[in-house]
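Undergrad: Have a look at the structure that comes next, please.
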């Protein structure tokens, strides 16, 4: 397996130039939206995808990019052998251990609000998270990892829902008191009680409820030193015809900067990321082979991990199994920025290649192009084929037939 180091004479220089050309084409593939995540796969086995991942990663790192290459071939991992690092732990450990931290018994030191929400979401917990700051406290209800209610416990009376509706002329003082009294005996949302009593219509309370939710979540994620307690239990039922809290809270959480502050989880993740001999290049090996590779790669945990890593590196390059062998590559391709397909001269089968391309297109993968591997560089006419691959025909004219 050939690696790019310092270009010298002969074939090594040609290999280096080829990977630099590949690097340049990838970098210029989306000028308006820089490429952050790239999948490298093949139509079949032994076509050189792992070597391409390693060499492309080296080339990008040598150009100054912060690069992480990830072995997401959880069936037959080989990237650790190519790079020369240990594979006793890696990606599969993160997906299990880092996101399985138990927050129901003892809250570990160093957890932020972002850590807590992420762990409860990915573990699909149902219960109530009590968040207490220096002045304010909140009860956040989760159902299967979704936020279904946020109660600002010590919110001033003039900012509560009943007061807002009275001020807007939607309900009277007597109606408010009746609803609040009913809430004491039946622990249910006030908006739900008011609509069931016929005092307001759902559209009357949607605006105030959204405002309450936004203010509460924003305040929670602004807390720097908060105490947490989570109790697993059934939560109050909610009526989506009045206000779809899970949908609304999900949209709000995507906009809050504190959500991405997950120091505890990040420390766990980066304990599995390994250095290489190349500056700016790090590697995340596969770790132990799991019994359910496709399920792990398509999980919300994998998507959450990619989001964290993409925030720390300029580009992530993923090695994966061949497209036509198992579903793993297509699963990953469905939420990564782009795909490069590696094909080996002499092993190519038109029907298999077409099948691979079709499978990627079925998941709406963005196919950047093809790397043609194992070309005899000494054969006459190589340079024509080299420039033809990169989009140019005879006399430097654009090659119109080149597609994926």
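The values are calculated or read from the model by the stated rules, or taken from the named source; none is laboratory data. Just so we're clear, the structure is a prediction, and the values are computed from it rather than from any experiment. Cβ coordinates were reconstructed from backbone atoms using ideal geometry, including for glycine residues, and neighbour counts include every protein chain displayed.
Undergrad: Scan segment 269-289 and tell me whether some residue there is outside the structural domain of residue 133 (by TED's automatic domain parsing), assigned to a loop (DSSP other than H, G, I, E, B), farther than 29 Å from residue 61 by Cα and over 16 Å from the mean Cα position of the chain (by Cα).
TA: No, segment 269-289 contains no residue that is outside the structural domain of residue 133 (by TED's automatic domain parsing), assigned to a loop (DSSP other than H, G, I, E, B), farther than 29 Å from residue 61 by Cα and over 16 Å from the mean Cα position of the chain (by Cα).
Undergrad: If you go through segment 258-266 one residue at a time, do you hit one that is in contact with a helix residue (DSSP H, G or I) (Cβ under 9 Å, 6 or more places away or on another chain) and closer than 25 Å to residue 54 by Cα?
TA: Scanning segment 258-266, I find at least one residue that is in contact with a helix residue (DSSP H, G or I) (Cβ under 9 Å, 6 or more places away or on another chain) and closer than 25 Å to residue 54 by Cα, so the answer is yes.
Undergrad: Next up: Which of the residues that make up segment 23-37 are surrounded by 11 or more Cβ atoms within 10 Å (Cβ to Cβ), at pLDDT below 75 and not in a helix (DSSP H, G or I)?
TA: 29, 30
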